[in-house]
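Okay, structure first, notes after.
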Amino acid sequence: MKMSFRWYGEGNDSVSLAQIKQIPGVEEIVWALHDKQPGEVWEISEIEAVKKQLDKYGFGMSVVESVNVHDDIKTGGGNRDKYIENYRQTLRNLAKFGVKVVCYNFMPVFDWTRTDLFHPLPDGSTALFYEKSKIKQDPSEMADYILNTTKGYTMPGWEPERLAHLKELFELYKPVSKEQLWDNLKYFLEQIMPVCHECDIKMAIHPDDPPWDIFGLPRLITDEAAVGRFLSMVDDPYNCLTLCSGSLGASEANNIPEIVKKYCSRIAFAHIRNVKHYPGGDFSEVSHRDCDGDVGIIDIIRAYHDGGFDGYIRPDHGRHIWDEKCRPGYGLYDRALGIMYILGVWDTLEKLSGGNK
Ligand code: CS2
Ligand code: MN
(Lines give C-alpha, C1' and ligand atoms only; values in the text may rest on other atoms or scores of the structure.)
(Ligands and ions follow the chains in the order given, each with its own letter.)
Protein backbone atom coordinates (compact mmCIF):
# COMPACT_ATOMS: atom_id res chain seq x y z
CA MET A 1 0.00 0.00 0.00
CA LYS A 2 1.34 3.41 -0.92
CA MET A 3 -0.15 6.42 0.86
CA SER A 4 -1.00 9.46 -1.23
CA PHE A 5 -2.60 12.88 -0.89
CA ARG A 6 -4.60 14.79 -3.47
CA TRP A 7 -3.21 18.21 -4.34
CA TYR A 8 -4.74 20.64 -6.84
CA GLY A 9 -1.51 22.34 -7.87
CA GLU A 10 0.42 25.49 -7.15
CA GLY A 11 -1.84 28.53 -6.82
CA ASN A 12 -4.90 26.30 -6.95
CA ASP A 13 -4.88 24.75 -3.47
CA SER A 14 -4.99 26.09 0.07
CA VAL A 15 -2.62 23.29 1.08
CA SER A 16 1.10 23.43 0.26
CA LEU A 17 3.47 20.60 -0.58
CA ALA A 18 5.58 21.62 2.43
CA GLN A 19 2.57 20.97 4.67
CA ILE A 20 1.81 17.64 3.04
CA LYS A 21 5.42 16.61 3.53
CA GLN A 22 4.89 16.74 7.30
CA ILE A 23 2.03 14.24 7.28
CA PRO A 24 3.58 10.87 8.18
CA GLY A 25 3.62 8.23 5.48
CA VAL A 26 2.74 10.22 2.35
CA GLU A 27 4.83 9.04 -0.61
CA GLU A 28 2.80 10.17 -3.57
CA ILE A 29 0.92 13.26 -4.69
CA VAL A 30 -2.30 12.62 -6.57
CA TRP A 31 -2.26 15.39 -9.15
CA ALA A 32 -3.75 16.69 -12.37
CA LEU A 33 -3.45 19.54 -14.83
CA HIS A 34 -6.59 21.25 -13.64
CA ASP A 35 -6.56 23.88 -16.38
CA LYS A 36 -6.93 21.30 -19.11
CA GLN A 37 -10.30 20.83 -20.77
CA PRO A 38 -11.54 17.29 -21.36
CA GLY A 39 -10.25 16.09 -24.71
CA GLU A 40 -7.03 18.13 -24.74
CA VAL A 41 -3.64 16.45 -24.91
CA TRP A 42 -1.50 16.89 -21.77
CA GLU A 43 1.82 18.13 -23.12
CA ILE A 44 5.19 16.88 -21.94
CA SER A 45 6.37 20.34 -20.89
CA GLU A 46 3.26 20.78 -18.72
CA ILE A 47 3.75 17.45 -17.00
CA GLU A 48 7.42 18.18 -16.53
CA ALA A 49 6.62 21.41 -14.71
CA VAL A 50 4.60 19.49 -12.10
CA LYS A 51 7.33 16.89 -11.78
CA LYS A 52 9.83 19.62 -10.89
CA GLN A 53 7.57 20.89 -8.11
CA LEU A 54 7.06 17.41 -6.66
CA ASP A 55 10.72 16.45 -6.98
CA LYS A 56 11.68 19.24 -4.59
CA TYR A 57 9.85 17.36 -1.85
CA GLY A 58 10.67 13.83 -2.95
CA PHE A 59 7.06 13.02 -3.85
CA GLY A 60 6.15 10.54 -6.56
CA MET A 61 3.59 11.40 -9.25
CA SER A 62 2.31 7.90 -10.00
CA VAL A 63 -1.41 8.71 -9.78
CA VAL A 64 -3.36 11.23 -11.82
CA GLU A 65 -6.86 12.19 -10.74
CA SER A 66 -8.38 12.81 -13.22
CA VAL A 67 -7.80 12.80 -16.90
CA ASN A 68 -11.38 13.78 -17.66
CA VAL A 69 -13.22 12.09 -20.49
CA HIS A 70 -14.72 14.30 -23.20
CA ASP A 71 -18.52 14.36 -23.50
CA ASP A 72 -18.28 13.13 -27.11
CA ILE A 73 -16.72 9.90 -25.79
CA LYS A 74 -19.41 9.51 -23.15
CA THR A 75 -22.26 10.23 -25.53
CA GLY A 76 -20.76 8.45 -28.53
CA GLY A 77 -20.64 11.75 -30.45
CA GLY A 78 -19.13 12.35 -33.87
CA ASN A 79 -15.68 13.36 -32.65
CA ARG A 80 -15.15 10.58 -30.18
CA ASP A 81 -12.34 8.89 -32.09
CA LYS A 82 -10.41 12.13 -32.25
CA TYR A 83 -10.75 12.62 -28.50
CA ILE A 84 -9.85 9.00 -27.81
CA GLU A 85 -6.68 9.48 -29.83
CA ASN A 86 -5.89 12.55 -27.72
CA TYR A 87 -6.48 10.50 -24.59
CA ARG A 88 -4.06 7.85 -25.84
CA GLN A 89 -1.46 10.52 -26.49
CA THR A 90 -1.93 11.90 -22.99
CA LEU A 91 -1.36 8.39 -21.59
CA ARG A 92 1.84 8.05 -23.62
CA ASN A 93 3.07 11.42 -22.33
CA LEU A 94 2.20 10.55 -18.74
CA ALA A 95 4.03 7.23 -19.01
CA LYS A 96 7.27 9.09 -19.70
CA PHE A 97 7.04 10.44 -16.14
CA GLY A 98 6.30 7.15 -14.44
CA VAL A 99 2.54 7.57 -14.07
CA LYS A 100 1.02 4.17 -13.20
CA VAL A 101 -2.65 4.89 -12.51
CA VAL A 102 -5.13 7.21 -14.16
CA CYS A 103 -8.34 7.82 -12.25
CA TYR A 104 -11.34 9.01 -14.28
CA ASN A 105 -15.10 8.86 -14.16
CA PHE A 106 -17.86 8.23 -16.65
CA MET A 107 -20.60 10.28 -15.00
CA PRO A 108 -22.80 12.30 -17.36
CA VAL A 109 -22.59 16.10 -16.96
CA PHE A 110 -21.64 16.29 -13.27
CA ASP A 111 -18.99 14.75 -11.05
CA TRP A 112 -19.94 14.31 -7.39
CA THR A 113 -23.02 16.13 -6.17
CA ARG A 114 -23.87 17.54 -2.75
CA THR A 115 -26.69 19.83 -1.67
CA ASP A 116 -24.75 21.43 1.21
CA LEU A 117 -21.00 21.96 1.12
CA PHE A 118 -20.69 23.25 4.68
CA HIS A 119 -23.23 21.31 6.70
CA PRO A 120 -22.72 21.82 10.45
CA LEU A 121 -21.89 18.72 12.46
CA PRO A 122 -22.56 18.48 16.20
CA ASP A 123 -18.87 19.01 17.03
CA GLY A 124 -18.80 22.44 15.33
CA SER A 125 -17.07 21.31 12.17
CA THR A 126 -18.75 21.30 8.75
CA ALA A 127 -18.91 18.64 6.08
CA LEU A 128 -20.41 17.81 2.69
CA PHE A 129 -24.05 16.77 2.89
CA TYR A 130 -26.62 15.33 0.50
CA GLU A 131 -30.33 15.90 0.97
CA LYS A 132 -32.31 13.85 -1.51
CA SER A 133 -35.37 16.12 -1.61
CA LYS A 134 -33.22 19.05 -2.75
CA ILE A 135 -32.29 17.29 -5.98
CA LYS A 136 -34.93 18.46 -8.42
CA GLN A 137 -35.31 17.60 -12.08
CA ASP A 138 -33.83 21.01 -12.96
CA PRO A 139 -30.23 21.36 -11.76
CA SER A 140 -29.93 25.12 -12.25
CA GLU A 141 -30.73 25.95 -8.62
CA MET A 142 -27.99 23.57 -7.49
CA ALA A 143 -25.58 25.02 -10.02
CA ASP A 144 -26.21 28.55 -8.68
CA TYR A 145 -25.69 27.36 -5.12
CA ILE A 146 -22.39 25.65 -5.99
CA LEU A 147 -21.13 28.65 -7.95
CA ASN A 148 -21.93 31.04 -5.12
CA THR A 149 -20.49 28.85 -2.41
CA THR A 150 -17.23 27.63 -3.90
CA LYS A 151 -15.84 31.08 -4.75
CA GLY A 152 -12.24 30.73 -5.82
CA TYR A 153 -12.21 26.92 -5.78
CA THR A 154 -13.98 25.09 -8.57
CA MET A 155 -15.53 21.73 -7.86
CA PRO A 156 -14.91 18.86 -10.26
CA GLY A 157 -17.69 18.66 -12.82
CA TRP A 158 -19.19 21.94 -11.58
CA GLU A 159 -16.70 24.31 -13.21
CA PRO A 160 -18.26 27.69 -14.11
CA GLU A 161 -17.45 27.21 -17.81
CA ARG A 162 -19.36 23.91 -17.82
CA LEU A 163 -22.26 25.25 -15.81
CA ALA A 164 -22.65 28.07 -18.31
CA HIS A 165 -23.62 25.42 -20.89
CA LEU A 166 -25.82 23.22 -18.75
CA LYS A 167 -28.76 23.27 -21.19
CA GLU A 168 -26.61 22.13 -24.11
CA LEU A 169 -25.00 19.44 -21.96
CA PHE A 170 -28.39 18.07 -20.97
CA GLU A 171 -29.48 18.10 -24.62
CA LEU A 172 -26.37 16.14 -25.52
CA TYR A 173 -27.19 13.39 -23.04
CA LYS A 174 -30.93 13.28 -23.76
CA PRO A 175 -30.74 10.49 -26.35
CA VAL A 176 -28.19 8.46 -24.36
CA SER A 177 -29.78 5.57 -22.50
CA LYS A 178 -28.04 3.72 -19.68
CA GLU A 179 -27.24 0.82 -22.01
CA GLN A 180 -25.76 3.18 -24.58
CA LEU A 181 -23.62 4.74 -21.89
CA TRP A 182 -22.33 1.25 -21.00
CA ASP A 183 -21.58 0.63 -24.70
CA ASN A 184 -19.72 3.92 -24.98
CA LEU A 185 -17.66 3.12 -21.91
CA LYS A 186 -16.78 -0.28 -23.35
CA TYR A 187 -15.81 1.24 -26.68
CA PHE A 188 -13.58 3.82 -24.98
CA LEU A 189 -11.80 1.23 -22.85
CA GLU A 190 -11.27 -1.21 -25.70
CA GLN A 191 -9.66 1.58 -27.70
CA ILE A 192 -7.24 2.57 -24.98
CA MET A 193 -6.33 -0.80 -23.42
CA PRO A 194 -3.51 -1.52 -25.91
CA VAL A 195 -1.89 1.81 -25.02
CA CYS A 196 -2.30 1.05 -21.31
CA HIS A 197 -0.39 -2.21 -21.82
CA GLU A 198 2.29 -0.48 -23.83
CA CYS A 199 2.63 2.26 -21.18
CA ASP A 200 1.98 0.15 -18.06
CA ILE A 201 -0.78 2.50 -16.92
CA LYS A 202 -3.91 1.21 -15.21
CA MET A 203 -7.18 2.95 -15.94
CA ALA A 204 -9.10 3.19 -12.66
CA ILE A 205 -12.73 4.28 -12.92
CA HIS A 206 -14.19 6.25 -10.02
CA PRO A 207 -17.68 5.12 -9.00
CA ASP A 208 -20.63 7.43 -9.47
CA ASP A 209 -21.32 9.74 -6.58
CA PRO A 210 -23.98 9.46 -5.30
CA PRO A 211 -24.47 5.95 -6.69
CA TRP A 212 -27.89 6.48 -8.26
CA ASP A 213 -29.38 8.43 -11.17
CA ILE A 214 -29.73 12.17 -10.57
CA PHE A 215 -31.39 14.94 -12.55
CA GLY A 216 -32.73 12.25 -14.88
CA LEU A 217 -29.19 11.33 -15.95
CA PRO A 218 -28.11 7.68 -15.98
CA ARG A 219 -25.30 6.57 -13.72
CA LEU A 220 -23.42 3.31 -14.16
CA ILE A 221 -20.98 2.42 -11.40
CA THR A 222 -23.40 2.26 -8.52
CA ASP A 223 -23.20 -1.14 -6.78
CA GLU A 224 -21.48 -4.49 -6.64
CA ALA A 225 -23.33 -5.88 -9.65
CA ALA A 226 -22.29 -2.86 -11.73
CA VAL A 227 -18.69 -3.20 -10.60
CA GLY A 228 -18.77 -6.86 -11.64
CA ARG A 229 -20.30 -5.99 -14.99
CA PHE A 230 -17.72 -3.28 -15.57
CA LEU A 231 -14.73 -5.52 -14.83
CA SER A 232 -15.94 -8.45 -16.91
CA MET A 233 -17.07 -6.24 -19.79
CA VAL A 234 -13.42 -5.39 -20.45
CA ASP A 235 -11.66 -8.20 -18.65
CA ASP A 236 -8.17 -6.80 -18.68
CA PRO A 237 -5.75 -6.33 -15.76
CA TYR A 238 -5.33 -2.72 -16.87
CA ASN A 239 -9.05 -2.08 -16.58
CA CYS A 240 -9.31 -1.30 -12.89
CA LEU A 241 -11.22 0.51 -10.18
CA THR A 242 -10.74 3.53 -8.01
CA LEU A 243 -12.72 2.04 -5.17
CA CYS A 244 -14.21 5.04 -3.38
CA SER A 245 -15.71 3.86 -0.11
CA GLY A 246 -17.67 7.08 0.32
CA SER A 247 -19.19 7.17 -3.15
CA LEU A 248 -20.45 3.61 -3.20
CA GLY A 249 -20.98 3.78 0.55
CA ALA A 250 -23.54 6.56 0.20
CA SER A 251 -26.00 3.78 -0.58
CA GLU A 252 -26.96 1.71 2.45
CA ALA A 253 -27.36 -1.29 0.15
CA ASN A 254 -23.65 -1.44 -0.68
CA ASN A 255 -21.37 -3.52 1.53
CA ILE A 256 -17.99 -1.94 0.85
CA PRO A 257 -15.77 -4.39 2.77
CA GLU A 258 -17.34 -7.22 0.71
CA ILE A 259 -16.73 -5.37 -2.56
CA VAL A 260 -13.10 -4.77 -1.60
CA LYS A 261 -12.64 -8.44 -0.70
CA LYS A 262 -14.15 -9.59 -3.96
CA TYR A 263 -12.33 -7.25 -6.31
CA CYS A 264 -9.13 -6.37 -4.45
CA SER A 265 -6.87 -7.51 -7.27
CA ARG A 266 -8.56 -5.07 -9.68
CA ILE A 267 -8.44 -2.07 -7.37
CA ALA A 268 -5.58 0.19 -8.41
CA PHE A 269 -6.48 3.13 -6.22
CA ALA A 270 -8.38 3.24 -2.92
CA HIS A 271 -10.31 6.28 -1.70
CA ILE A 272 -11.10 6.04 1.98
CA ARG A 273 -14.05 8.14 3.09
CA ASN A 274 -16.67 7.64 5.80
CA VAL A 275 -20.36 8.45 5.43
CA LYS A 276 -23.29 8.54 7.83
CA HIS A 277 -26.71 7.56 6.49
CA TYR A 278 -29.97 9.25 7.40
CA PRO A 279 -33.48 8.01 6.67
CA GLY A 280 -34.74 8.58 3.14
CA GLY A 281 -31.37 8.51 1.39
CA ASP A 282 -29.80 11.61 2.95
CA PHE A 283 -26.19 11.30 4.01
CA SER A 284 -23.39 13.28 5.58
CA GLU A 285 -19.67 12.92 5.21
CA VAL A 286 -17.99 12.44 8.58
CA SER A 287 -14.56 11.85 10.06
CA HIS A 288 -12.59 8.78 9.05
CA ARG A 289 -13.13 7.19 12.44
CA ASP A 290 -15.06 3.94 12.01
CA CYS A 291 -17.74 4.62 14.62
CA ASP A 292 -18.54 8.10 13.26
CA GLY A 293 -20.08 6.66 10.09
CA ASP A 294 -21.64 3.60 8.52
CA VAL A 295 -19.34 2.31 5.77
CA GLY A 296 -17.15 0.11 7.99
CA ILE A 297 -13.77 1.83 7.68
CA ILE A 298 -11.90 -0.76 9.79
CA ASP A 299 -13.34 -3.68 7.85
CA ILE A 300 -12.49 -1.91 4.60
CA ILE A 301 -8.88 -1.35 5.62
CA ARG A 302 -8.70 -4.94 6.86
CA ALA A 303 -10.02 -6.18 3.50
CA TYR A 304 -7.24 -4.28 1.70
CA HIS A 305 -4.64 -5.47 4.15
CA ASP A 306 -5.65 -9.11 4.05
CA GLY A 307 -6.07 -8.98 0.28
CA GLY A 308 -2.41 -7.99 -0.10
CA PHE A 309 -3.32 -4.61 -1.61
CA ASP A 310 -0.23 -2.96 -3.04
CA GLY A 311 -1.88 -0.11 -4.92
CA TYR A 312 -2.27 3.55 -4.01
CA ILE A 313 -4.52 4.81 -1.26
CA ARG A 314 -5.64 8.24 -0.13
CA PRO A 315 -8.02 9.77 2.36
CA ASP A 316 -10.94 11.15 0.40
CA HIS A 317 -12.92 14.22 1.46
CA GLY A 318 -12.42 15.51 4.96
CA ARG A 319 -14.52 17.75 7.17
CA HIS A 320 -13.64 21.41 7.56
CA ILE A 321 -12.19 21.80 11.04
CA TRP A 322 -10.30 24.35 13.12
CA ASP A 323 -11.69 27.20 10.98
CA GLU A 324 -9.74 26.09 7.94
CA LYS A 325 -10.55 27.91 4.70
CA CYS A 326 -10.20 25.46 1.86
CA ARG A 327 -11.72 23.83 -1.16
CA PRO A 328 -14.85 21.95 0.01
CA GLY A 329 -13.77 18.51 1.24
CA TYR A 330 -10.11 19.14 0.51
CA GLY A 331 -8.60 20.83 3.53
CA LEU A 332 -5.38 19.81 5.19
CA TYR A 333 -6.34 19.06 8.76
CA ASP A 334 -9.08 16.48 8.58
CA ARG A 335 -7.48 14.62 5.69
CA ALA A 336 -4.23 14.48 7.68
CA LEU A 337 -6.17 13.06 10.63
CA GLY A 338 -7.68 10.56 8.20
CA ILE A 339 -4.24 9.44 7.11
CA MET A 340 -3.18 8.88 10.68
CA TYR A 341 -6.31 6.82 11.30
CA ILE A 342 -5.81 4.71 8.18
CA LEU A 343 -2.14 4.16 8.97
CA GLY A 344 -2.96 3.41 12.60
CA VAL A 345 -5.31 0.62 11.58
CA TRP A 346 -2.98 -0.62 8.86
CA ASP A 347 0.15 -0.67 11.03
CA THR A 348 -1.73 -2.47 13.78
CA LEU A 349 -2.90 -5.14 11.33
CA GLU A 350 0.67 -5.51 10.08
CA LYS A 351 1.99 -5.93 13.56
CA LEU A 352 -0.70 -8.42 14.54
CA SER A 353 -0.08 -10.46 11.42
CA GLY A 354 3.66 -10.58 12.10
CA GLY A 355 4.65 -8.22 9.27
CA ASN A 356 7.62 -5.97 9.81
CA LYS A 357 6.20 -2.68 8.59
C1 CS2 B 1 -13.24 12.67 -6.13
C2 CS2 B 1 -13.92 12.70 -7.48
O3 CS2 B 1 -13.64 14.46 -4.77
C4 CS2 B 1 -14.02 13.36 -5.13
O5 CS2 B 1 -14.98 12.75 -4.71
O6 CS2 B 1 -13.02 11.40 -5.66
O7 CS2 B 1 -14.22 14.00 -7.83
C8 CS2 B 1 -13.00 12.08 -8.50
O9 CS2 B 1 -11.83 12.84 -8.56
C10 CS2 B 1 -13.56 12.01 -9.89
O11 CS2 B 1 -14.82 11.47 -9.92
C12 CS2 B 1 -12.64 11.19 -10.75
O13 CS2 B 1 -12.84 11.51 -12.07
MN1 MN C 1 -13.56 9.42 -4.24
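The values are calculated or read from the model by the stated rules, or taken from the named source; none is laboratory data. The structure displayed is predicted, hence computed values, not measured ones. Don't worry about glycine lacking a Cβ; one is built from the backbone with ideal geometry, like all the others, and counts go over all protein chains shown.
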Practice problem: Would you mind listing the strands (runs of 3 or more DSSP E) fully within segment 244-289 where at least 3 residues are within 16 Å of ligand 1 (Cβ to nearest atom)? | Solution: 267-272, 283-286
Quiz item: Before we move on, is Tyr330 within 16 Å of ligand 1 (Cβ to nearest atom), within 27 Å of Cys240 (Cβ to Cβ) and at pLDDT 95 or above?
Solution: yes
Exercise. Kindly check whether there is at least one residue in segment 22-41 that is buried (at least 17 other Cβ atoms within 10 Å of the Cβ) and assigned to a helix (DSSP H, G or I).
Key: no
Quiz item: So, in segment 188-216, of the ones that are under 21 Å from Leu169 (Cα atoms) and surrounded by fewer than 20 Cβ atoms within 10 Å (Cβ to Cβ), which residue ends up farthest from ligand 1 (Cβ to nearest atom)?
Solution: Gly216
Self-check item: Tally, over segment 265-299, of residues that are closer than 18 Å to Ile221 by Cβ and either in contact with a Leu (Cβ under 7 Å, 6 or more places away or on another chain) or crowded, with 20+ Cβ neighbours inside 10 Å (or both)
Solution: 11
Self-check item: Checklist (1) within 16 Å of ligand 2 (Cβ to nearest atom); (2) of a type in the set (D, E, K, R); (3) free of Cβ contacts under 8 Å to residues at least 24 places away in the same chain applied to Asp323, failing item
Solution: (1)
Quiz prompt | segment 123-168 - residue that is in contact (Cβ under 8 Å) with a residue 24 or more places away in the chain and among the aliphatic types (A, V, I, L, M) and, of those, farthest from Asp13 (Cα to Cα) | solution = Ile135
Self-check item: segment 203-220 - residue that is outside any loop (DSSP other than H, G, I, E, B) and closer than 24 Å to Gly311 by Cβ and, of those, farthest from ligand 2 (Cβ to nearest atom)
Solution: Met203
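In segment 242-257, how many are aliphatic (A, V, I, L, M) and either more than 11 Å from ligand 2 (Cβ to nearest atom) or surrounded by fewer than 18 Cβ atoms within 10 Å (Cβ to Cβ) (or both)?
Selection size over segment 242-257: 2.
Evaluate the following for Arg229: is it part of a helix (DSSP H, G or I), in contact with a helix residue (DSSP H, G or I) (Cβ under 9 Å, 6 or more places away or on another chain) and not polar (S, T, N, Q)?
yes
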Practice problem: Would you point out the residue of segment 106-122, among those that are without any contact (Cβ under 8 Å) to a residue 60 or more places away in the chain and surrounded by fewer than 16 Cβ atoms within 10 Å (Cβ to Cβ), that is nearest to ligand 1 (Cβ to nearest atom)? | Solution: Pro120
Quiz item: So is Arg302 away from ligand 2 (no atom under 16 Å from the Cβ) and either in contact with a helix residue (DSSP H, G or I) (Cβ under 7 Å, 6 or more places away or on another chain) or in contact (Cβ under 8 Å) with a residue 12 or more places away in the chain (or both) or not?
Solution: yes
